[in-house]
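Heads up: the structure comes next, in structure tokens.
Taken together, the values in this text are just the output of simple stated rules run on the coordinates, not laboratory data. Predicted, not measured: the structure shown is a model, and the values here were computed from it. Using ideal geometry, Cβ is built from the backbone for each residue, glycine included, and neighbour counts are taken over all protein chains shown.
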Amino acid sequence: MKLAWHDTDVVDMPTTGTRITTLDGLVEVPGGYGAKLVWARTRAKDFRAEFAATGTPDSVTTCDLITLPYPTKFGLFRASSAIAPFVAITNRMLVVRWTESDGRQRVLLFEPSDHELGQNTPYFAALARRTPGMLRSLLVTEHGTVLGHLARLGIRPKDVDYLLFDHLHTQDLRRWVGTTSPQRDLDGDNAVEPAFPHARVIVQRHEMLSMSQLHPLQQPWYQPETYQDVRPDAFLPVDGSLILGPGVAIVETPGHVFGNQTLVLNTDTGIWASSENAIAAECLTPEHSRMPGIARWARNWRQEVVLNANTIETTADQYNSLILEKTLVDRSQTDPRFSSSSRPAS
């Protein structure tokens, strides 16, 4: 499938932020996945101190978007003995604001999902067709929209600098970044004007390139056809881990998808991280879980984490990335048994 970007477009686009060299080199670590796990744990400890010294963002605001069912066998991979086929997950957007050293203010939206168009993702579209309308209305709760939350916060869409997703599963970004040609299903005879005209979508280069030729394991979760006419200049491909601003970082965490990335924040309540390698903080400390079977499974199999496993692209990498996240973050001040990491999946 031909997407809006070509290989040359991706290579030539500018980058942003400051590279985190402490986390470079995981791919080259010799000795297999066990050696890589030791490396990830060690380097995460080293980076913690570096990251804390970068400062803190001006504000971080959490905005609930939609609660929907997600298969238990995906979200709690192998660990759950619950009878219920689904768990309820809430897709949340983070609004992160910081000030650059030159005084410029930045706004980043993390996981600003257009959940209306996200329902066309092959997996969720098929699930909706099998679910009676009345039951579907009971299972899905819409809390708010991206633009509605921004209006409430007094943020103009034109002032948003960055859109960031840990990966592009389910995402249809046409309304956010605009298109170069008419979209029959959206605006009829007109190209789509971008809701965020000045925003760049930060995405790992690996994921951008992989979307032009998806593997069968990936196909149920992407909408590649929606990227054929998007504005290519709206995308900002990066390679690896970056400091974006004071207390704001992107950490490369391959696993759930090869191009997965984690948002890491240094706040007055400690260091937090968010990605979809796991669906909840409880999955990083399964020994404390009260959900059926989780703690026993972790004890029997000596597993430190429970993976989000709707796509098993590189399972051992995903495990190691979760350990890196778990090592980076602080403990929750509300309940110190749990890490300040992860969120319900989108």
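Can you give me the convex hull volume of the Cα atoms of the range 280-333, divided per residue and expressed in Å³?
Cα convex hull per residue, to the nearest whole number: 88 Å³.
Around residue 226, what is the net charge, scoring Lys/Arg as +1 and Asp/Glu as -1 over all other residues with Cβ under 11 Å from its Cβ?
-3
Report, in whole Å, the centroid distance computed from the Cα atoms of the range 185-219 and the range 237-269.
The distance from the Cα centre of the range 185-219 to that of the range 237-269 comes to 20 Å.
Please report the relative contact order for the chain, taking Cα pairs under 8 Å with a sequence separation of at least 6, and give it as a percent rounded to a whole number.
Relative contact order of the chain: 23 percent.
Have a look at the DSSP beta bridges in the range 186-335 and tell me what percent are antiparallel, nearest 5.
Antiparallel: roughly 75 percent of the beta bridges in the range 186-335.
Could you work out the percent of alpha carbon pairs in the range 89-186 separated by over 19 Å, rounded to a whole number?
53
What is the projected area of the convex hull of the Cα atoms of the chain, averaged over all directions, in nm²?
17.9
Based solely on its DSSP helices, what 222 nm [θ] is calculated for the chain when runs of n ≥ 4 H residues each add -39,500 (n - 2.57) and the sum is averaged over all residues, nearest 500 deg cm²/dmol?
Counting only the DSSP helices, I get -7000 deg cm²/dmol.
Along the Cα→Cβ direction, 7 angstrom out, place labels at residue 38 and residue 102. What is the inter-label distance in nm?
4.5
If Lys and Arg each add +1 and Asp and Glu each add -1, what is the summed charge of the other residues whose beta carbon sits under 13 Å from the beta carbon of residue 121?
Counting the neighbours of residue 121, the net charge comes to -3.
Can you tell me how the range 226-346 classifies by the Cα gyration tensor, rounded, prolate or oblate, using a/c under 1.5 as the rounded cut?
oblate
Report, by chain and number, residues whose modeled amide H sits under 5 Å from the one on residue 55, excluding near sequence neighbours (fewer than 5 apart, same chain).
The list, which skips near neighbours in sequence, is 247.
Taking every eigenvalue of the Cα gyration tensor of the range 30-133, multiplying by 5 and rooting it, what semi-axes result, largest first, whole Å?
34, 26, 12
Applying 1/(1 + (r/R0)^6) with R0 = 41 Å to the Cβ-Cβ distance of residue 212 and residue 287, what FRET efficiency is obtained, to the nearest 0.05?
The pair residue 212/residue 287 has a calculated efficiency of 0.50.
Compute the Rg to Rh ratio over the range 241-281 from the alpha carbon atoms, using the Kirkwood formula for Rh, and round to two decimal places.
Reported Rg/Rh, Kirkwood definition of Rh: 1.00.
When DSSP assigns beta bridges and you keep just the ones with both residues in the range 63-217, what percent turn out antiparallel, to the nearest 5?
That works out to approximately 75 percent antiparallel.
What nm value, rounded to one decimal, do you get for the distance between residue 151 and residue 184 when each label is placed 7 Å out toward the C-beta?
The answer from the label model is 3.1 nm.
Under 13 Å from the Cβ of residue 153, count the other residues' Cβ atoms, weight Lys and Arg +1, Asp and Glu -1, and hand me the total.
+1
Sorted by mean Cβ packing within 10 Å, highest first, what order do the peptides 225-232, 102-109 take?
Per-residue Cβ counts within 10 Å, averaged per peptide and sorted highest first, yield 225-232, 102-109.
What percent of all Cα-Cα pairs in the range 130-235 falls in each 10 Å bin, counting up from 0?
12, 35, 36, 16, 0
Cα-based Rg of the range 188-290 per 2.2 N^0.38 Å, rounded to two decimals?
Dividing the Cα Rg of the range 188-290 by 2.2 N^0.38 Å gives 1.31.
What distance in nm separates the two pseudo spin-label positions at residue 140 and residue 82, each 7 Å out from Cα along the beta-carbon direction?
Between residue 140 and residue 82, the label points sit 2.0 nm apart.
Taking the Cα centre of each part, how many Å lie between the range 20-60 and the range 145-167?
29
Just subtract the alpha-carbon distance of residue 50 and residue 299 from 0.36 nm times their residue separation and send over the number in nm, one decimal.
86.3 nm
How large are Rg and Dmax for the range 76-126 when only the alpha carbon atoms are used, in Å?
Reported Rg and Dmax, both Å: 18.0, 55.
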